[in-house]
1. What 222 nm value per residue comes from the helices of the chain, counting each DSSP H run with n ≥ 4 as -39,500 (n - 2.57) and dividing by all residues, nearest 500 deg cm²/dmol?
2. What does the extension gain come out to for residue 675 and residue 558, with contour length at 0.36 nm per residue minus their alpha carbon separation?
3. Which of the peptides 313-320, 99-106 is most tightly packed, and how do the rest follow, judged by the mean count of other Cβ atoms within 10 Å per residue?
4. Report the full-extension gain for the segment residue 634 to residue 378: residue separation times 0.36 nm, less the Cα-Cα distance, to one decimal in nm.
5. Checking the cross-link filter: which aspartates and glutamates have an alpha carbon closer than 12 Å to that of residue 553, excluding same-chain neighbours under 8 positions apart?
6. Out of all Cα-Cα pairs in the chain, roughly what percent, to the nearest whole number, are more than 41 Å apart?
7. Antiparallel as a % of all DSSP beta bridges within region 180-339, to the nearest 5?
8. May I ask you to compute the full-extension gain from residue 100 to residue 151, defined as 0.36 nm times their residue separation minus their alpha-carbon distance, rounded to one decimal in nm?
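Where a number appears in this text, it was derived from the coordinates with a stated rule and is not lab data. These figures come from a predicted structure and were not determined experimentally. Note that each Cβ is placed from the backbone with ideal geometry, even for glycine, and that neighbours are counted across all protein chains shown.
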Amino acid sequence: MKRVLLFALAAVSCGAADTNWAAYGGNSGGTRYSALKQINTRNVASLKEAWRYDTADGTAASQTQPLVVDGVLYGVTPKHKTVAVNAATGKKIWQFDSGMEGNSPNRGLVYWRDPVTKKARIFAGVKSFLYALDATTGVPIPEFGTGGRIDLRVGLGRETEGVSLVLTTPGVIYKDLLIVGGRMPEALPAAPGDIRAFDVRTGKVRWQFHTIPHPGEFGAETWPKEGWTYSGAANNWAGMAVDAARGIVFVPTGSSATDFYGADRVGDNLFANSLIALKAETGERIWHFQAVKHDIWDRDFPSPPTLVTVKRDGKKVDAVAQTSKQGWLYLFDREKGTPLFPMEAKAFPASDVPGEVASGTQMVPLKPVPFARQVLTADMLTKRTPEVAAWAKERFAGFRSNGQFVPFTTTQETVIFPGFDGGAEYGGSAFDPETGLLYVNANDVAWTSSLAANGAGSAAKSVYLTQCAVCHGDQLQGSPPQFPALRDMVGRTAEGLTGIIRQGKGRMPSFPAMSAKDLDGLVKFLLSGESKEGLNATAEAVGPKYRFTGYHKFLDPDGYPAVAPPWGTLNAINLNTGEYAWKVPLGEYPELAAQGIRDTGTENYGGPVVTAGGLVFIAATNFDKKIRAFDKATGKVLWEATLPFSANATPATYTVAGKQYVVIYASGGKDKRGSASGGVYVAFALP
């Protein structure tokens, strides 16, 4: 049941008016821009830790960007409790505990204030539920939904009670509407990725947009006739942006399930992998752009759009920018959807896997040039040591590496570069209206995979191969740290595994619909010697005829990327011209830096914030646990601090009583090489 821990409210601000960070991404347009300049290029080197708040709530990694309104910071703990903290001191004000333990990514909250009563609400996602909390006390508001919450699985047009659906990225507000998407599994069964608008006061659905069109709706012809009854996902997990003046909500979507073999969804599959402009009042489609037709590579749009204003022919044009896993940047006129940089339809090869029908053409941006490398070649392999260079060359010789949109085959591993985690990821991009520069961080690491004929020697193997192998691999090898190996279950118990499979954990969705018989068999399979005997298919195929063999990160024997650096970058792109102002490596491996191998860049998750003080603040890096301030004009590092854990989240900046702070949530979790994880909010300010 719901449990609320209340603490006496403390005075949090006085004197000068507070400057807020009241929405995920800073504002409804998701610009991640602040007009604050008390902290600037001249004094940022003096920045010191002002306070920290340790949630003391376990070790599940999270990715939260907090909200700050009128001197109160609203955040999320590792187990998805909602907290309110004095934004000047870090002292806890209240905490809401739903009674359920969340452990998937949770990137933030939604704030709404009633324009008449001036009372404010915090909307928080916990598992499949969306809560409305009183912003002053943290108590659920009873008139919202049932007892202060709504079940996001209800009302999707089919039986979805037993299907995983969680709100990893917060929704957006338009007037009195809360517009949300959700995160679904990568394989069937999966709920459809409908976009829904809920009344902020009552929780009732006001409109619903089908990303998998129903019969008679626009785009239905791009699916099999009955596809809407069984296909899933095509969902918005990355977040949205709202043009409040025009009444438009911009919605990027991901791939449809199952991700990598689409024989049961032949066609282009609108509105998967699309940027959709909807009327925020009604949910009607205005325009759309589909970036990947019939996605069989898991090329979701991974980040919220950013609303920008650019110059074209001497005139200002309001636009929407969207980054991608491929390392491509798309830019469109907000009202018409007209591309503001050239694109071209290019031909790509057909699939040689029976039943699969890959799209013959895909749209490719011609400008700006990609912010991540596109084709892995032999001369781009690691040269860190002669031994690993020889190893990488030998491994690469067995791969197929021909760039983007090459369908997977059953005969060899295909290179995905940039990898399944981008290019761009969930942190989003920051836009500076003063200069027209867009800042985006990127991963630049190769992954590989293939398809295999489905089938298993036992029912338990079949369940593993159809439901688990997509992430943990055909041979249970995983791809740590994102996807742990399941070969060694020493110390694991049947009860513990059952709980993880039922409830999900981290990036892993829950499997509430799995039958008790299948679940019991799967757990016994994982804990028994049978799983170590290999998973070569010998029996009649169950489920799809072909399956994905797993996410294989191309790492050398020492665990470093097997491609040459940079492995992660921060980029500044001029949206007026499409040219790069600068590009720098982002992050280091401390042990390599100690050997003199510096500025390699690393994988990074979380985004940047840009300020009028001339600074770009970003943490994001997996291994060095740092937050940095870059000169926004040159890319030079002007300040850095080491955090208690790596911070795979986006900072926020605000003022209380005239004093500017920069805050970041550090929780770790993506570096599994012995590093701990937790959940600490750390704020910095000038002395």
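1. Working: 7 runs with 55 residues, N = 687.
After summing the helix terms and dividing by the residues of the chain, the value is -2000 deg cm²/dmol.
2. Details: separation 117, 0.36 × 117 = 42.12 nm, distance 1.65 nm.
That pair, residue 675 and residue 558, stretches by 40.5 nm at full extension.
3. On the way: 313-320: 13.5, 99-106: 20.1.
Top to bottom by mean Cβ count within 10 Å: 99-106, 313-320.
4. Working: separation 256, 0.36 × 256 = 92.16 nm, distance 3.18 nm.
Between residue 634 and residue 378, full extension yields an extra 89.0 nm.
5. By straight Cα distance, residue 553 reaches 413, 421, 444, 603.
6. Values: 53196 of 235641 pairs.
Value for the chain: 23 percent of Cα pairs lie more than 41 Å apart.
7. Numbers: 33 of 34 bridges.
Around 95 percent of the beta bridges assigned by DSSP in region 180-339 are antiparallel ones.
8. Full extension of this stretch gives 17.0 nm more.
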